Structure formats: structure tokens, C-alpha cells
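Here is the structure we will look at.
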Amino acid sequence: MALFTKVVLFTDTDGRARFREESVMLDGGTPQSALSALMPSGGYQLRTSPVGFRSSFHCTTVPQWVFILGGQMEISLQDGSARVFGPGQHFYSADVLPAGSVFDAAVHGHWSRQAGPDPLVTLFVRD
């Protein structure tokens, strides 16, 4: 059976953003075209960010898939770790602010930036 690796940016029990990987079973379709179960979505947005773009620390407001269509996106966490995603790569952004919390930029969220020589082009698909 085929598997798809889902990279997840999530809020851990301590309120800090972390990465983990999960497997999605591709148990539908055919051996030549394995498919996952149909997943719901709540719309999509396209975004372009110029060379030099960098956000401040923030949390995801709505869990969503992020697909890199062009350029590179770096995601950095409070612990100093970072991952760079390039064209054709993805992650599932679900690092929402914990219920009852007030956002604290020293604890919560992540920052993102355009990396490399090309503008960043992304597709966001909401749950």
C-alpha cells in the first residue's frame, strides 16, 4: 500500500510550534494512480511574496495546507529550528493559538520568509 508523507506544523502541549510527519494511506485508486480518501476543503488562496519578505512570529488562524508553487519558503520556530520548502513541497499548517491563550511572540507560533533568489508563490488550501 502506498503512503503519502504529510509534514505537519502544529502547536504542542507547551504552546510551542513544532514539526512532525504523519503518513496518509493511499488505499484508493489503482496501483498506477494511488489515491487517498477524499478530504474536505474550505477554499483556497494564492499568494506571492517578493524577494526579502519575512513575517513576524504568528500562529495559523485556520488549519490549512501550504503548497510551494515557486521560490522557497523558510519556516522558523521558537526553538531556532527551521525548514525550507521548495517548489512541489508542502506542509500542513495547524499551529493555532491554544484555547484561552493570549498570543505571546516569545512562546507561540512561527515566522516565515521568502528564501533564495526567486519570489515566493504559494497555494493555501483551508480545511
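Among the residues of region 22-45, those identified as touching a strand residue (DSSP E or B) at 6+ places or on another chain (Cβ under 6 Å) and on the phi < 0 side of the Ramachandran plot are GLU22, SER23, VAL24, LEU26, GLY28, ALA34, LEU35, SER36, SER41, GLY42, TYR44, GLN45.
A single member of GLN64, GLN89 is surrounded by 17 or more Cβ atoms within 10 Å (Cβ to Cβ) and in contact with a strand residue (DSSP E or B) (Cβ under 7 Å, 6 or more places away or on another chain), and it is GLN64.
Scanning region 1-33 for residues that are over 25 Å from PHE124 (Cβ atoms) and aliphatic (A, V, I, L, M) returns MET1, ALA2. Going through (1) touching a Phe, Trp or Tyr at 6+ places or on another chain (Cβ under 7 Å); (2) within 21 Å of VAL125 (Cα to Cα) one by one, ALA37 falls short only on (1). Number of residues in region 29-56 that are surrounded by 12 or more Cβ atoms within 10 Å (Cβ to Cβ) and either free of Cβ contacts under 8 Å to residues at least 60 places away in the same chain or of a type in the set (Phe, Trp, Tyr) (or both): the value is 6.
Scanning for something acidic (Asp, Glu) and surrounded by 11 or more Cβ atoms within 10 Å (Cβ to Cβ), does region 77-86 turn up at least one residue? Walk me through how you get there before you give the answer.
Taking region 77-86 as the starting set, the residues that turn out to be acidic (Asp, Glu) are 79.
Adding the requirement that they be surrounded by 11 or more Cβ atoms within 10 Å (Cβ to Cβ) leaves none.
Scanning region 77-86, I find no residue that is acidic (Asp, Glu) and surrounded by 11 or more Cβ atoms within 10 Å (Cβ to Cβ), so the answer is no.
Restricting region 1-28 to residues that are within 26 Å of ARG113 (Cβ to Cβ) and among the β-branched types (Val, Ile, Thr) leaves a set whose member that is surrounded by the fewest Cβ atoms within 10 Å (Cβ to Cβ) is THR5. Looking across region 1-39, the residues that are under 26 Å from PHE103 (Cβ atoms), assigned to a loop (DSSP other than H, G, I, E, B) and not acidic (Asp, Glu) come down to THR13, GLY15, ARG16.
Condition first: under 19 Å from THR5 (Cβ atoms) and either exposed (fewer than 13 other Cβ atoms within 10 Å of the Cβ) or of a type in the set (Ser, Thr, Tyr) (or both). Now tell me which residues in region 92-107 satisfy that. Across region 92-107, the qualifying residues are TYR92, SER93.
Each reported figure results from applying straightforward, stated rules to the coordinates on display, with no laboratory input. If you're wondering where the values come from, they're calculated on a predicted model, not measured in any experiment. So basically every Cβ, Gly included, is an ideal-geometry build from the backbone, and we count neighbours across all protein chains shown.
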